[in-house]
Amino acid sequence: MGNKYDVVVVGAGHNGLMVAAYMAKAGLKTVVLEKNPWLGGATSTTECTLPGFKHDLGGTMHSAIQGNPAIAHDELGLKRKYGLRYLYPEMSAANVFEDGTSITFWHSVDKTCEEIARFSERDAEAYKRFIDMAMPMFPLLAAGMYSAPPPFGQMIAQFDQSPVGRELIRFLMMSAWDVAQQWFTHPKVLSMALKISTEAMVGPEEKGTALHMLLGIPFHHIGHAGFPEGGSVELPRALVRCIEANGGEVILNREVVTIKTKGGRAVGVATADGEEYSAARAVITTVDPRVSLLKWLDTPLSSDLQGKLNRILEPLFSGLMQAIALEEAPKYNVEPWSGANDAVVVEPLPSSVTELRQMFDDLRYGRIPRSGFAPFVVVPTKIDPTRAPHGKHVLYLWHYMPYNLENGGHDKWDEVKTDVADQVLNAFRRYAPNVTDENILGRFILSPNDYPKWNANLVNGAIVGFGAYLSQSYAYRPIPEMGQYRTPVGGLYLCGTSTHPGGAIIGGGRATAQIVFQDLGIDFDDVIDV
């Protein structure tokens, strides 16, 4: 192999770039190989509607990564040295209803309770008690978020050592709906609580989804969702600057097709153009293991491991994304005191929790929701005017959708995506009537079937990786035998959405780096800038 490196990383999404940045910073000769002609994977930004309008096509909110020491402690110098700048909105999100009412999530619990009290004093008091109950659980759930998870049995045994932990174990076996109806009664508060639990692409009535509610609701009051100035891609760009400053390389338009092994160890990769890249110390793949381990590996895994990987469960649904260039920002039909018109993130919700539950039932059976829509809306130009020409705005309008339609499967999306996108847009106009055809300057649509065409690693339209069920979380992600990033092949490691902590913009590459350093005898603390 003519291209000789210590470490070869496959995939230039933010996870691959992050693990590569740690490798390069440790003095290891590192290269990142990316199939696409652009950076960032699902953390990318493009002018897909009109020149000057910068749209995030994948992840747009950088929430969970704010607690990652890579950002919180600036371990790689991304903020101090490499140009990454986060902007933080005052409010976390606003939930708006068709009747003009709204509930805003403020960072202050008391202020949020005041919002809820307008609908139900009882639920406002219950929300405060829920936060008091959930806050001690949050550190237990988040403890391993940015490092390798302990074995699952060990984690449960640790939880079982305290009353808080034992209550947490009980919650982990429940659905979000189970928990929500134990605590809240008002339909609007129930809708708000349920929607939070679905952001990992799981249905609110799936057992084990209370986990996402226990993480999601407290995070509104613990963390801050950040938006990189200039678009989501500014995180990958800062990581590339860090890699290159430390002697590493990032090569685009290099499609890996083979992971080469010798004597039971990974020794490099081969690309579609016939190039080979040797790896003296490690190969790290961020590509779905059902591709990288079952299709690329030149030495087959055992039939048992192949079977387990092939039985991985997909998420309940995918999504339909609309990137829209606007003349003016959405104006919501809400009471004058509402914070919705100042919010960067808005979630329109049905006033009836039954409608919301029926929407998720439709998704389960491959149907376009019949009971109504509940889109996820982000207008990042409200906090970052650099993303559009002066005075203009970009709108990220996203909605859960099934990957396989009941009649026609996933290919049917090519026929119906514009019609379904129009349905979602028209439903959104009931909340924000100024988003008229005259206000829309340009629109770009990604359907569930478009996602894997845009980014092949979004297998079956799974935008946050395969299903985030409890059975596929923590050290069981992707499977127990590989839950700490190591594979049965020496020197071959997993990274990215297929591993803990899963999808979203979290910076999971840091955890993989810790394991690789441990195996190579490198002290992690000697590498970082703190």
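Please find, within the stretch 1-40, the residue that is surrounded by the most Cβ atoms within 10 Å (Cβ to Cβ) out of those that are under 19 Å from K260 (Cβ atoms) and of a type in the set (D, E, K, R).
E34
Identify, from the list T49, T30, the residue that is closer than 30 Å to R430 by Cα and in contact (Cβ under 8 Å) with a residue 60 or more places away in the chain.
Going through T49, T30 in turn, the sole match is T49.
Among the candidates R85, R80, R122, single out the residue that is over 30 Å from H14 (Cβ atoms), basic (K, R) and at pLDDT 95 or above.
R122
Could you tell me whether P139 is assigned to a loop (DSSP other than H, G, I, E, B) and either within 21 Å of A475 (Cβ to Cβ) or in contact with a Gly (Cβ under 6 Å, 6 or more places away or on another chain) (or both)?
Judged against the criteria, P139 is not a match.
Is it the case that the stretch 53-62 has a residue that's part of a loop (DSSP other than H, G, I, E, B) and of a type in the set (S, T, N, Q)?
Yes.
What is the one condition in (1) in a loop (DSSP other than H, G, I, E, B); (2) polar (S, T, N, Q); (3) surrounded by fewer than 23 Cβ atoms within 10 Å (Cβ to Cβ) that T43 does not satisfy?
(3)
List the pairs whose first member sits in the stretch 144-162 and is more than 16 Å from M482 (Cα to Cα), whose second member is charged (D, E, K, R), and whose Cβ atoms are under 8 Å apart, counting only residues at least 6 apart or on separate chains?
Note: pairs meeting the criteria are Y146/R510; F159/R166; D160/R166.
Look at Q472 and say whether it is free of Cβ contacts under 8 Å to residues at least 24 places away in the same chain and either farther than 17 Å from R281 by Cα or out of contact with any Leu (no Cβ under 7 Å at 6 or more places or on another chain) (or both).
no
Might you check whether a residue that is among the hydrophobic types (A, V, I, L, M, F, W, C), under 21 Å from the mean Cα position of the chain (by Cα), modelled with pLDDT under 95 and not in a helix (DSSP H, G or I) occurs anywhere in the stretch 486-504?
yes
So is W183 more than 22 Å from H500 (Cα to Cα), among the aromatic types (F, W, Y) and surrounded by fewer than 20 Cβ atoms within 10 Å (Cβ to Cβ) or not?
Criteria met by W183.
The values are calculated or read from the model by the stated rules, or taken from the named source; none is laboratory data. Just so we're clear, the structure is a prediction, and the values are computed from it rather than from any experiment. Virtual Cβ from ideal backbone geometry, glycine too; neighbours counted across all protein chains shown.
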